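The values are calculated or read from the model by the stated rules, or taken from the named source; none is laboratory data. The structure presented is a predicted model; accordingly, all values stated were derived computationally and were not measured. Using ideal geometry, Cβ is built from the backbone for each residue, glycine included, and neighbour counts are taken over all protein chains shown. Ligands, DNA and RNA are stripped out before the accessible areas are found, and what is left, the full protein with its side chains, is counted by its heavy atoms. Shrake-Rupley method; radii C 1.70, N 1.55, O 1.52, S 1.80 Å.
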Amino acid sequence: MSSSIISKAIIPAAGLGTRLLPATKAHPKEMLPIGRKPALQYVVEELQAAKIHDILMVTGRRKRSIEDHFDADPPLVTALKQAGNEALLQDLDFLEGRSHFFFTRQSEPKGLGHAVSLGAGFVEDQHCVVALGDSLIAGENPAAPLLAMMQAHVELNAAAMIAVEIVPAEETFRYGIVDVGDRQPTPGEPMVVQDIVEKPPAGTAPSRLAVAARYVFSPVIFEALERIVPDGRGELQLTDAIRWLVRMEQPVYAWLLDPVHKRYDVGNFESYYRAFIDFALADERYGYLVRKYIKSLAYEF
Ligand code: UTP
């Protein structure tokens with residue numbers, strides 16, 4: 001079995017984004033620009049580079065601009081061609097080629113697990129990727145971690161392969177945290193997950209390995225999502241479904257991202273600003289101007 005059997009991805013993008021209000025009052029957080037592109041476009045380009053071309057986006061109320069952005073736009077392309085604007089045409093490459101975009105709506109934000117469960121009919125009995133719409137992977141080749149995770153998932157016949165990153169001990173309460181026992185975390189080596197907990201109270205986290213927005217699943221995840229119950233806030237948590245898999249002795253692995261691939265979460269203002277600044281500085285076209293500007297500001301600090 002080769003990793004090329006994985007051709008489908010679900011992008012949950014239906015969350016309320018309350019931490020980014022008022023920016024997200026009428027605008028999806030997944031569409032906030034990071035440099036010259038909306039955050040979600042980076043996620044889609046990462047999937048395309050990993051040869052995943054059937055992409056289901058789970059959207060919701062106030063998220064219509066997502067469908068507009070990922071819809072082909074022949075009049076715009078014709079206008080850019082007539083104007084001979086090759087650079088802008090290249091920026092629209094994500095609409096070309098073999099990718100098919102599908103959309104479904106999560107009418108109420110009933111949790112990440114619920115959003116993923118809406119992809120069951122789309123995925124059917126295949127393996128799939130889940131990539132959160134508000135998290136980007138940056139680096140020379142942003143698709144490299146996902147490609148390696150898919151390869152390992154297939155080789156190990158896994159039920160789940162979950163990207164993780166090391167976070168400071170005092171921040172573990174913000175994340176889903178995996179327990180890999182005594183295993184020394186090494187990037188690029190799948191670690192058997194013994195347990196997983198969502199947002200553990202301070203001081204109780206089993207490790208500093210936090211779930212990092214990219215997952216590869218076998219179809220058994222949809223059975224797990226049917227078996228679990230909503231949490232105290234009425235939300236179905238993906239973490240609980242993964243925990244169910246572990247309890248059922250299904251092979252679940254964590255995959256530590258290597259340090260050259262940085263993950264950016266655009267879910268709160270601090271991390272959003274950080275992502276925007278880093279991407280603006282690295283921009284091939286405008287980065288030198290931003291660097292010049294920041295240097296000029298540095299004199300004022
Ligand atoms: P978050 O955990 O950041 O939640 O979602 P949120 O609701 O979007 O944001 P806050 O907490 O109100 O600020 C992580 C990812 O899961 C999606 C979000 O769109 C985001 O991409 N999600 C979350 C859903 O699709 N549905 C949900 O019910 C919850």
- Message: So for the range 261-270 (the condition being under 20 Å from Val164 (Cβ atoms), open to solvent by 50 Å² or more (accessible area, probe 1.4 Å) and away from the ligand (no atom under 16 Å from the Cβ)), does at least one residue qualify?
- Response: yes
- Message: Given the options Phe122, Phe102, name the one that is touching a Leu at 6+ places or on another chain (Cβ under 6 Å), in a strand (DSSP E or B) and among the aromatic types (Phe, Trp, Tyr).
- Response: Phe102
- List every residue pair whose Cβ atoms sit under 6 Å apart, with the two residues 6 or more apart in sequence or on different chains, where the first one lies in the range 166-182 and is in contact (Cβ under 8 Å) with a residue 40 or more places away in the chain and the second, anywhere, is open to solvent by 10 Å² or more (accessible area, probe 1.4 Å) and part of a helix (DSSP H, G or I). Gly176/Thr239
- Message: Looking at Arg274, Arg291 in this structure, which one is within 20 Å of Pro145 (Cβ to Cβ), assigned to a helix (DSSP H, G or I), open to solvent by 40 Å² or more (accessible area, probe 1.4 Å) and without any contact (Cβ under 8 Å) to a residue 24 or more places away in the chain?
- Response: Arg274
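This table checks each residue for (1) at pLDDT 95 or above; (2) open to solvent by 30 Å² or more (accessible area, probe 1.4 Å); (3) assigned to a loop (DSSP other than H, G, I, E, B).
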| site | (1), (2), (3) |
| --- | --- |
| Arg98 | no, yes, yes |
| Val116 | yes, no, no |
| Val130 | yes, no, no |
| Pro145 | yes, no, no |
| Ala148 | yes, yes, no |
- Within the range 1-23, residues within 14 Å of the ligand (Cβ to nearest atom) and either in contact with a helix residue (DSSP H, G or I) (Cβ under 7 Å, 6 or more places away or on another chain) or without any contact (Cβ under 8 Å) to a residue 12 or more places away in the chain (or both) come out as Ala9, Ile10, Ile11, Pro12, Ala13, Ala14, Gly17, Thr18, Leu20, Leu21, Pro22, Ala23
